[in-house]
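One structure is given here, and the rest of the page talks about it.
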Amino acid sequence: MPIEALKPDILVIIFEIFAKDTPPGDRHPLGWIRLAHVNREWRALILDLPVLWGRVLCSFRSQGAFRTILSRSRTAPLHIWIGDDWSRYFTSVGELASLLPRAREVRLWHARPRFTLPFLETPGDNDYHDPKRVLVAPFLRQLTLDLFPFSISAPRLCELDVHLSSEHTHIHHLPAIVAAFHTLKKLTIGFAGDGIQDDSDESSRSLREENIRDLLKALEHGKRPAEMPYLTDVWIIWCDDLLLKMLWRSLVIPRTANIRYDYDGDDRVPASDEPMQAYLSYDECSSLSIEAPSSNDSTVCEVSVPHAGINGSCSTEYPVGIPQALAHFDRAHIRELRVTAESSPSPTLTWESPKSVSGDKYPSVEHLDLSGAILSGIFTSYAFPRLRTLVIDTTSYKFTDDPMHGFAQALLAREGAPRLKSITVYRLHVSENESNLEEELPIAELYKVADEVIVKIIGWHARATDSKIVRPVVEPTSGQPVVNSAPGGRGRGRRLGANVARNQGQSGARRVQASSTSNPGVNTRPPWR
């Protein structure tokens, strides 16, 4: 259909999309306004779209252009940019005062508004903080603050991003500022430079900490914390234990919120760590994840609700290794435990559990998910008396010795432990012409501790078009079981029942079947991740 045949309402939609993507600027001085020069029909339609003209009121440093565009905007909301040269290029301060109530977006440079902004939705760069002058913006949705204190009335604010400096001595005002936005959904608090510990002035740090402790004392003596019922996401970047304690005790955050905070400085787990301990006490937060993303001296820990679609989690990074992080937590209701070592440890690295660890920890864990090498040592530290299902992912292990030997030995050494319902193993496929019988033998031993073994092989050398990898059957020799990697559908693991294991020693040779999926990517992850 030729564009001339489009109806006016369709053309208006096209104009609105084009105007959003092509505003006036250095690249296109006129931007979308060029469409008004095509023909009379288009010009009439564009002149009858006051909302578009209200967005470009201050796009041209010309009083003539300002007057023309202001007339075309009629009563539509305005996007206003205010600087020291406002009166030179646009209009008088008096007229500005009359236009600000129509503002939907305001960008200010060294100006201090004292007006009500009923249409303001997004402020620009903020260099106008003045605690004595209240900015009233009833439709404001998002706000970024970088100076304290700040007075604003925004009853519909949804997102607040606070940029702090370690030199700020008024941080104790932060809970009150946050509490003023009752409808807040997302809160981000971050420190510039090297975090809150980056203090060039010791007196500033002392005053800041004194003010925070005074607030904490007030809370202990009856000051009520502020309810934040709509918060869904909280991220605190480069904080210390004192600041975190102040925020946690001053604000009542729903259990369904997702909280992430990063500590600054210290090389130990904070003594209080109140948000994490609180989430660990919630019965519904029964899933614990501990991950070493890049090295063995730090871990990211997260406790969450295990059910998909239900929010509620708390995560942070601790400057300790996986064994120490495991020892830090002790909650009887944890039912799912996931431990991931994504780094590549040396072949000589061993599991070093703290001496104070009690084997009675994690008594309710029913599902255990282990990814990475050396994690078989977890069974020497914890009994897991209610463990039912186990997932072992060895696909990231890059050394010649097979980690499955360690896992098999650790599982067989669990004296008195109940039999597992199932064990799922993720392996790497090395070669299409190699049966890897020795690698399968530890998996065969797993039948002594589990009713069911599921083996899923991730291919290194498979072609991108392959849907399966078929490995040949190895004829048995004396005393050796047959290992057969039968073809399986993409993404499925063939289940090996305990009845197969019971046939060992009888006329039918025992078979271990493994499904295999081809994937050209090394970092293929199972669907449950």
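Brief remarks on what is shown
- Residue list for the stretch 17-31, filter: under 15 Å from Cys58 (Cα atoms) and either over 36 Å from the mean Cα position of the chain (by Cα) or surrounded by 14 or more Cβ atoms within 10 Å (Cβ to Cβ) (or both): Pro23, Pro24, Asp26, Pro29, Leu30, Gly31
- Scan the stretch 220-252 for residues that are without any contact (Cβ under 8 Å) to a residue 12 or more places away in the chain and either touching a His at 6+ places or on another chain (Cβ under 7 Å) or of a type in the set (Phe, Trp, Tyr) (or both) and the total you get is 0.
- Leu349 vs. criteria modelled with pLDDT of 85 or more and among the aliphatic types (A, V, I, L, M): no
- A single member of Leu412, Leu420 is touching a strand residue (DSSP E or B) at 6+ places or on another chain (Cβ under 8 Å), surrounded by fewer than 21 Cβ atoms within 10 Å (Cβ to Cβ) and at pLDDT 80 or above, and it is Leu420.
The values are calculated or read from the model by the stated rules, or taken from the named source; none is laboratory data. Please read all numbers here as calculations on a predicted model, not as lab measurements. A quick note on method: Cβ atoms are made from the backbone with ideal geometry, for glycine too, and the neighbour counts reach across all protein chains shown.
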